[in-house]
Structure formats: structure tokens, C-alpha cells
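The values are calculated or read from the model by the stated rules, or taken from the named source; none is laboratory data. Since the structure is predicted, the reported quantities are computational estimates derived from the model, not experimental observations. Positions of Cβ are backbone-derived with ideal geometry, glycine not excepted, and every protein chain shown enters the neighbour counts. Surface accessibility is based on the protein's heavy atoms, side chains included, excluding ligands, DNA and RNA. Shrake-Rupley method; radii C 1.70, N 1.55, O 1.52, S 1.80 Å.
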Amino acid sequence: MGEEFYPMQHRGEIAEQAIRQSGFPITVIAKRLGKSRRWMYLMFDNPQVDIDTILAIGRIIHHDFSSEIKELNTINHSVLIDPRDKYNDQSKEYWKNKYLKLLEDYNELLKKVNKE
């Protein structure tokens, strides 16, 4: 009763379309997943690719599948962020501050050089 019903989606085809649109080579994605290219092509034919695989592919190609795969709407979206991704939203503030500090140091150096 608490479960929502979603019409059957062909997750393999959805993943294939996103991968091809991303421009990432299939070989690179397969390697990052620890799989073979052959496995990737078999996965494209599988209508029931597991959600963990879809999420892993999404992290690799920087794609949010939640608009295409309805089951993902019930998942906490914080799991979609790869903690190893140095450019996720949580670290943007860190890099911004690092850049501003570097810029300030550079400007101070220019002032010293121009005084001499």
C-alpha cells in the first residue's frame, strides 16, 4: 500500500542514451565501474539495471537520472554526490576561498614589486 507503482522503464536504454550524450567513452566508464566494454553493451540491453549501477554511472558522467528513472525520486539525493568528487557543491566554497586568498597574496606581491 505504501509502495508507489511506476511503469516499467528500460533502464539500460536510459543509461545508454545518457552515456552517449555525455561524450564519455564507453571504455572509460567501463573501466571506472570495474567492468568490461562487453558488460556495458549487455547492460544497455537490460531493462532492469540495478539502481546502484545507474547511480554509479551518473556520478561518472555527472548526470542526474532522477528525471528519467522515477524510482530515484524516492532516494535521498545526497547519495548522488560522490564524496571523492572535488568539484561537488560542498567543496565550491573551499575552492572559492582558496582562490580569493591566492588573489590577495598575488596583489600584495605586486604592491611590493612596484614599490621597489
Residue match in the stretch 30-53 (condition: at pLDDT below 70, aliphatic (A, V, I, L, M) and within 15 Å of the chain's Cα centre (by Cα)): no
Residue list for the stretch 26-45, restricted to those being touching a helix residue (DSSP H, G or I) at 6+ places or on another chain (Cβ under 7 Å) and either closer than 15 Å to GLY58 by Cα or open to solvent by less than 100 Å² (accessible area, probe 1.4 Å) (or both): ILE26, THR27, ILE29, ALA30, ARG32, LEU33, SER36, TRP39, MET40, MET43, PHE44
Return the residue satisfying two criteria in turn: it lies in the stretch 8-25 and is crowded, with 17+ Cβ neighbours inside 10 Å and either of a type in the set (Ser, Thr, Tyr) or out of contact with any Pro (no Cβ under 8 Å at 6 or more places or on another chain) (or both), and of such residues it is modelled with the lowest pLDDT. PHE24
